[in-house]
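Engineer: Handing you a structure now.
The values are calculated or read from the model by the stated rules, or taken from the named source; none is laboratory data. The model shown is predicted, which means the values in this text are computed figures rather than measured ones. Note: ideal-geometry Cβ built from the backbone for every residue, glycine included; neighbour counts use all protein chains shown.
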Amino acid sequence: MSMDKPPPPLMALIGGPQGAGLETSAQVLTVAYATLGYRVLASREYHSNIIGRHSYILLGVDPARVPRGHRYPVDVASFMDAESVFTHYKDVDRGSIVFYDSDVDNVSLERIVSMETETKRRLRRELEELGVEPTVVGVTKYMKSMGVEVVGFSYRGLLSSLRREYGIGYAEARRYISMVVAASVAKLTGLSLEELEEGLRYRFRSRPALVERNMAVARRVYSHLGNVAQIALPEPQEPPDHYMVMTGNEAVAIGKAVAGVGLQAYYPITPAQDESFYMEAHEDQTGIVVFQAEDELAAIAVATGAALTGARAATATSGPGFDLMIEGVGWACINEAPVAVTLYQRGGPSTGLPTRGSQEDLLDAAFAGHGECPRIVVASWSHEEALTDAVEAQNLAEEYQIPVIHLLDKFLANSVATLPPPMTTSFQIRRGSIEPRPGSDYRRFALPGPVSPRAFIGDAVMWYTGDEHDEYGHITEEPETRIAMVKKRFAKLDEAARNIPEEGVRLHLYPEDADPSGLDMLIHSWGTAARVTAEAVDMLRRRGLRAALVRVHYFSPYPSRLLSSIAAEAHQAGARLVNVEHNYTAQAAKIAAMKSGVVFDTHVLKYTGRPIYIDELVEALMAIHEKGLKEVHLGHGA
Amino acid sequence: MEHDPRRYRTPLWVDWCPGCGNYGILQAVTETLAELGLPPEKTAIVSGIGCSGKTPHYVYANGVHTLHGRAIPYATGIKLARPELTVIVEGGDGDLLGIGAGHFVALGRRNIDLTVILHNNQVYGLTKGQASPTLPYGVKTKSLPKPNIQDMINPLALAIASGYTFVARSYALDIKHLKSVLKEAIRHRGAAFIDVLQPCVTYNNVYTVHFYRKALYRIEDEEPDWDPIVRSPDEETEKKAAALARAQEWGRRIPLGIFYVNKTRSPFEHRIAARNPLYAEHPPANRLSREPQQQPPYTIEEVMSIFKDRLVKVKTRNARRSGIPSSRDRSPEES
Ligand SMILES: Cc1ncc(C[n+]2csc(CCOP(=O)(O)OP(=O)(O)O)c2C)c(N)n1
Ligand code: SF4
Ligand SMILES: [Mg+2]
């Protein structure tokens, strides 16, 4: 498709059934590349299932920076099973290398029981049209005919020799398949055995015997691939001394620790649960109390209760859980309680696509709840920002005494990136106004506000109620007090808007020095979709199209003024105003229209639960530019 | 002065119906706080929604009037974050056993050191008298158009089955008895539950003061050597069974008293401390100082050490490495 290949320089895909150790393969590879100084983004696609359904991981490797997204076709693909071969045969192209289990050569598409019926039907039709026999060998022949290098390896042969050598059963021997996959990718991308071993030592820290056995497997794969040409990777540029290799969930967990969070209450839900799990695993060193509540109604209540005593408190969830929390968000709002909710978006409505990503919950985060409830809404676009925003969410919650919704998505939550360790010296803890010596006449909601000096339960006497209340926190329905209190709560957002700059904080222009009046295309996006868009913008610019991205970082307080001035300039200069999002209804564009009067009337939307890929986005944007399309719906990705 | 019950009342006008049983509960609570000498700033009364939910506003101590059904989780957050506090939950029967029943059960599992007072009036007072989960089948109170077709929950049996380690019943208008039970409940280390029978003069014309005067009796009066306390784990089954049997009695005769106490189960706060060595000294409320501006609790080295499971040391193939984190890893558009 392309005149130039989109970054990252190396894209690898590994596929196999859920529960077969694919994550181990990815971790070993990620750490091996990171040890050499490479930046990696590894993203996992999986079903709502524990064992048996098809899953795959995309690894992008870049010598210069963390990849901002993934692209197809991939350069290397390594498959655990036959289903992976069928599922991904079109994800490779001329020059790609495929590694697979030659023992499944004769498996036909019909025999793959774990494959969804619709997928099978579609593949059957596709193969028929291509005149390809619906077996693994048929598909591999087709790939070869397309210029793909295909290398088979007998997994069964390896397994039986492992069983003999180590006296282990079939099930245990099968676990080494994850190493076959990792080693094949490592070898085909030029890692030495010693370099691969770094990844294994990280994975199996305290179990040298496992490292040794896996290395034996790796040596077999390496010698099998001895003569296959390798994909050359440019040398890494100026790597730091250390990387922290973390998922978005872990970045938020670490951010919360750095922010001094004292209590996290949660109820398990994909893709939020790993954050709390990771925090719990480090509870003994951080001291953070991680509390597994009986439901999300309780989780937000426990966190809010803790916040009233002076603890920094948080909860993390995804759509279904957030719905249950909404009444509690309203309570925190009317009680000016600082509580931060980390909301990871997945596909909805209802349980929807439980393990797939989306940006479908923006309007929910910004507006959900009865009554009028001011809140701060921040949406991160990268792992690094997920961490810094987790710290900032706590600061803003306490400074303005307001609930903060920190919006992320499954794409960030479950992908792994290589980050430099967080420079804690650059972070500040800002607790806002605290009453040093609350007296016996302490008024928690002292007017005029918008921020009354806060005292904590345990240091003074105060009252809280979900009813409208007076300065002490006692119930009132008196009209003048009502007016004062409603205004007080909303004035928080005005004050936040005065203090938090639009330029470079609430709104980001990319490239930073782009001149809005010299653009062919101004693209509006947010979160992970914006990150892929930034990459697409670079590609478009290389092709001579003057494109720029405006990324909304804060949806409340909204960067109305700056967005409308940038958009007006671009519009006047004749630029097309395009919007890119992971949903069907273009939610961020709706907020833009509502809050800044800017109408982005051309949309690129994806709601399959799979990430937007750089190549498909560039193609869509080019088509919009060349053919004037008004709406493109993306669909790539198994 | 500290021990003057008037000191524990706010000057607000109490807006319950004249003759409501809640007045008795309020009096018992304030007198108990006074007699135990609990400092108001170290005490929190947490309520749900309903007539009963207004109680905290009338007590001079921290008052947290929460959402319908959610008093227990808010109280949980307060107690876990600041374990030195005395935290009392007040909820209606609709609140604690209807909309909040999940939390009621969960508290038993955890045995957090909270005292839960059920204002049991068998009706949804504040929404004008619908049947609550404690109203028996077939009963028709004043504002019900037709007799109740749902069965009642037995609050004592539910509390015992859920794991509460102190379970008692008292009567809103027997202030002396209520106070003595309440004192025991507050002193108890673990989840304590008191089912307080509370006449609702406006909507409940079945379980009236007159009815209770005839029906109520004290367990000790009938069984002088009644001993509800589990002192070693092997007594638990037997004492539970006796308590559950006694709790079945409802109708013409209704027992009051302490049904069940288990001192062998560790409170939740100890369970947290056992796996989180920093908890006892630095509970969540004390992790940061009260300074408005401060440094994060960890240095970069500490972050790298705490989360060393995610740390990878870079060893490039050749030695041309600068050592300092490159600006590439902190892209300008993100800083
Ligand atoms: C989520 C929600 N649903 C319904 C209500 C309306 N509501 C207010 S009080 C109440 C019932 C209260 O009954 P109970 O808990 O027994 O308290 P009582 O008034 O009898 O003390 C209800 C249903 C509410 N406030 N919130
Ligand atoms: S309605 Fe019943 S419970 Fe509510 S205040 Fe009146 S008497 Fe008391
Ligand atoms: Mg009631």
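Engineer: Taking region B:64-87, which residues are within 22 Å of B:PHE268 (Cα to Cα), within 16 Å of ligand 1 (Cβ to nearest atom) and not in a helix (DSSP H, G or I)?
Structural biologist: B:VAL64, B:GLY69, B:ARG70
Engineer: Search region B:11-35 for residues being without any contact (Cβ under 8 Å) to a residue 40 or more places away in the chain and touching a strand residue (DSSP E or B) at 6+ places or on another chain (Cβ under 8 Å), and hand back the single one that is farthest from ligand 2 (Cβ to nearest atom).
Structural biologist: B:LEU33
Engineer: Quick check on A:ALA257: is it of a type in the set (A, V, I, L, M, F, W, C) and within 21 Å of A:PRO63 (Cα to Cα)?
Structural biologist: So A:ALA257 does not fit the description; no.
Engineer: Quick one: in region A:57-68, which of the residues that are surrounded by 23 or more Cβ atoms within 10 Å (Cβ to Cβ) and in contact with a helix residue (DSSP H, G or I) (Cβ under 7 Å, 6 or more places away or on another chain) is farthest from A:PRO611 (Cα to Cα)?
Structural biologist: A:VAL61
Engineer: Within region A:187-286, which helices (runs of 4 or more DSSP H) (wholly inside it) include 3 or more residues that are in the same structural domain as A:LEU158 (by TED's automatic domain parsing) and in contact with a Phe, Trp or Tyr (Cβ under 7 Å, 6 or more places away or on another chain)?
Structural biologist: The qualifying helices (runs of 4 or more DSSP H) are A:208-224.
Engineer: Just the residues that are closer than 30 Å to B:ILE117 by Cβ, assigned to a loop (DSSP other than H, G, I, E, B) and at the interface with chain A (Cβ under 9 Å from one of its Cβ atoms), please, taken from region B:255-314.
Structural biologist: Hits for region B:255-314 are B:ASN276, B:TYR279, B:PRO283.
Engineer: Quick one: count up the residues across region A:532-541 that are of a type in the set (Val, Ile, Thr) and free of Cβ contacts under 8 Å to residues at least 40 places away in the same chain.
Structural biologist: Residues that pass the stated criteria total 1.
Engineer: Scan region A:490-503 and give yes if some residue there is closer than 24 Å to A:LYS5 by Cβ, part of a strand (DSSP E or B), touching a residue at least 40 places away in the same chain (Cβ under 8 Å) and under 27 Å from the mean Cα position of the chain (by Cα), otherwise no.
Structural biologist: no
Engineer: Next question, about the same structure. Which numbered condition in (1) away from ligand 2 (no atom under 16 Å from the Cβ); (2) in contact (Cβ under 8 Å) with a residue 40 or more places away in the chain is the only one that B:GLN122 fails?
Structural biologist: (1)
Engineer: Tell me yes or no: at least one residue of region B:199-213 is in contact with a helix residue (DSSP H, G or I) (Cβ under 7 Å, 6 or more places away or on another chain) and either away from ligand 1 (no atom under 16 Å from the Cβ) or of a type in the set (Ser, Thr, Tyr) (or both).
Structural biologist: no
Engineer: Could I ask something else about it? Residues in region B:193-205: is at least one more than 26 Å from B:LYS183 (Cβ to Cβ), free of Cβ contacts under 8 Å to residues at least 12 places away in the same chain and of a type in the set (Ser, Thr, Tyr)?
Structural biologist: No, region B:193-205 has no match at all.
Engineer: Do we have any residue at all in region B:261-276 that's surrounded by 20 or more Cβ atoms within 10 Å (Cβ to Cβ) and closer than 21 Å to A:ASP459 by Cβ?
Structural biologist: Checked against the condition, which is being surrounded by 20 or more Cβ atoms within 10 Å (Cβ to Cβ) and closer than 21 Å to A:ASP459 by Cβ, region B:261-276 yields at least one hit.
Engineer: If you don't mind, there's one more thing I want to ask. Determine whether B:ILE49 is touching a residue at least 12 places away in the same chain (Cβ under 8 Å), within 16 Å of ligand 3 (Cβ to nearest atom) and part of a loop (DSSP other than H, G, I, E, B).
Structural biologist: Yes: the conditions hold for B:ILE49.
Engineer: Let me ask something additional. Among the residues in region B:22-34, are any within 16 Å of ligand 3 (Cβ to nearest atom) and in a loop (DSSP other than H, G, I, E, B)?
Structural biologist: no
Engineer: Another question, then. Within region B:113-131, which residues are surrounded by 24 or more Cβ atoms within 10 Å (Cβ to Cβ), more than 10 Å from ligand 1 (Cβ to nearest atom) and either among the basic types (Lys, Arg) or assigned to a loop (DSSP other than H, G, I, E, B) (or both)?
Structural biologist: Once the filter is applied, which keeps residues that are surrounded by 24 or more Cβ atoms within 10 Å (Cβ to Cβ), more than 10 Å from ligand 1 (Cβ to nearest atom) and either among the basic types (Lys, Arg) or assigned to a loop (DSSP other than H, G, I, E, B) (or both), region B:113-131 yields only B:LEU114.
Engineer: Give the residue, chosen from B:GLY77, B:GLY37, that is within 7 Å of chain A (Cβ to nearest Cβ) and either closer than 24 Å to A:VAL290 by Cα or more than 16 Å from ligand 3 (Cβ to nearest atom) (or both).
Structural biologist: B:GLY77
Engineer: Among the residues of region A:168-186, count how many are more than 15 Å from A:THR30 (Cβ to Cβ) and not in a loop (DSSP other than H, G, I, E, B).
Structural biologist: Final tally of qualifying residues: 8.
Engineer: Still on this structure, please answer the following. Can you tell me which condition A:GLY458 does not meet? The list is (1) small (Gly, Ala, Ser); (2) within 31 Å of the chain's Cα centre (by Cα); (3) not assigned by TED's automatic domain parsing to the domain that holds A:ALA570, and all the others hold.
Structural biologist: Result: A:GLY458 fails condition (2) only.
Engineer: I would also like to ask the following. Which of the residues spanning region B:94-112 are assigned to a helix (DSSP H, G or I) and more than 16 Å from B:VAL167 (Cα to Cα)?
Structural biologist: Matches in region B:94-112: B:GLY94, B:ASP95, B:GLY98, B:ILE99, B:ALA101, B:GLY102, B:HIS103.
Engineer: Could you say which residue among B:GLY102, B:GLY108, B:GLY129, B:GLY98 is within 14 Å of another protein chain (Cβ to nearest Cβ) and within 16 Å of ligand 2 (Cβ to nearest atom)?
Structural biologist: B:GLY98
Engineer: Counting only residues that are surrounded by 14 or more Cβ atoms within 10 Å (Cβ to Cβ), farther than 30 Å from B:VAL87 by Cβ and of a type in the set (A, V, I, L, M), how many does region B:132-152 have?
Structural biologist: Looking only at that region, the number is 2.
Engineer: Same structure again: Please state which one of A:SER78, A:SER108 is crowded, with 24+ Cβ neighbours inside 10 Å and more than 22 Å from the chain's Cα centre (by Cα).
Structural biologist: Testing whether each residue is crowded, with 24+ Cβ neighbours inside 10 Å and more than 22 Å from the chain's Cα centre (by Cα) leaves just A:SER78.
Engineer: Looking at region A:367-398, which of its residues are part of a helix (DSSP H, G or I) and hydrophobic (A, V, I, L, M, F, W, C)?
Structural biologist: Scanning region A:367-398 gives A:PHE367, A:ALA386, A:LEU387, A:ALA390, A:VAL391, A:ALA393, A:LEU396, A:ALA397.
Engineer: When you go through (1) within 11 Å of chain A (Cβ to nearest Cβ); (2) touching a residue at least 40 places away in the same chain (Cβ under 8 Å); (3) within 16 Å of ligand 2 (Cβ to nearest atom) one by one for B:HIS65, which number turns out not to apply?
Structural biologist: (2)
Engineer: Out of all the residues in region B:120-142, is one or more touching a strand residue (DSSP E or B) at 6+ places or on another chain (Cβ under 8 Å) and closer than 28 Å to B:HIS282 by Cβ?
Structural biologist: no
Engineer: Since A:PRO422 meets every condition but one in (1) more than 9 Å from chain B (Cβ to nearest Cβ); (2) at pLDDT below 95, which condition does it not meet?
Structural biologist: (1)
Engineer: Moving to a separate point now. Given the residues B:GLY163, B:GLY100, which is the only one that is buried (at least 19 other Cβ atoms within 10 Å of the Cβ) and modelled with pLDDT of 95 or more?
Structural biologist: B:GLY100
Engineer: Restricting to region A:448-464, name every residue that is touching a residue at least 24 places away in the same chain (Cβ under 8 Å), farther than 17 Å from B:ALA285 by Cα and not in a loop (DSSP other than H, G, I, E, B).
Structural biologist: Matches in region A:448-464: A:TYR464 only.
One line per residue, one yes/no per condition, for (1) crowded, with 24+ Cβ neighbours inside 10 Å; (2) more than 30 Å from A:ARG39 (Cβ to Cβ):
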position: A:ALA397; (1), (2): yes, yes
position: A:TYR400; (1), (2): yes, yes
position: A:ILE405; (1), (2): yes, no
position: A:THR424; (1), (2): no, no
position: A:SER440; (1), (2): no, yes
position: A:PRO450; (1), (2): no, yes
position: A:ILE475; (1), (2): no, yes
